[in-house]
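J.: Here it is, the structure, as structure tokens.
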């Protein structure tokens, strides 16, 4: 096992993640361990590189566990903007299931948009949710995860 393989890991915020299977495939190609974090048991493949962590159902328990284990060699898969911000501050790389790479430059506007949408919903304004997850999202995600692991490998 090389040094970079010892340093890199993928943490999946798994309760509503539509790209778990894709993550397993890419991680296997690079021999990167994956931890699937959820509030209830989720089936994961029997593979020594894939593990499951079931946390309590307390508010933000999965997010808190991810933050406790995120480092500069960690790739976090989540659509949760607040969790993304917390992980970025620790030096982790964060990718949304749509393939969007969260960065320290982009997270501020994402948080602001989230707050505006929440205010609109509270005010009774009808606002649509995100568009349905598509094959193009899946393709962007696969490309983004692959590029991220290559980049981390070079850095290590």
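J.: Please find, among 124, 108, the residue that is over 26 Å from residue 137 (Cβ atoms), modelled with pLDDT under 90 and surrounded by fewer than 16 Cβ atoms within 10 Å (Cβ to Cβ). Lay out the reasoning, then the answer.
T.: Values: 108 fails: over 26 Å from residue 137 (Cβ atoms).
Being over 26 Å from residue 137 (Cβ atoms), modelled with pLDDT under 90 and surrounded by fewer than 16 Cβ atoms within 10 Å (Cβ to Cβ) holds for just one of 124, 108, which is 124.
J.: Looking at this structure, is residue 145 farther than 14 Å from residue 19 by Cα, touching a strand residue (DSSP E or B) at 6+ places or on another chain (Cβ under 7 Å), crowded, with 16+ Cβ neighbours inside 10 Å and modelled with pLDDT of 95 or more?
T.: So residue 145 does not fit the description; no.
J.: Let me ask you something else. Just give me the residues in the stretch 26-46 being within 15 Å of the chain's Cα centre (by Cα) and part of a helix (DSSP H, G or I), in sequence order.
T.: 26, 27
The values are calculated or read from the model by the stated rules, or taken from the named source; none is laboratory data. Because the structure is predicted, anything quoted here is derived from the model rather than measured. No Cβ is skipped: glycine too gets one built from the backbone with ideal geometry, and neighbour counts run over all protein chains shown.
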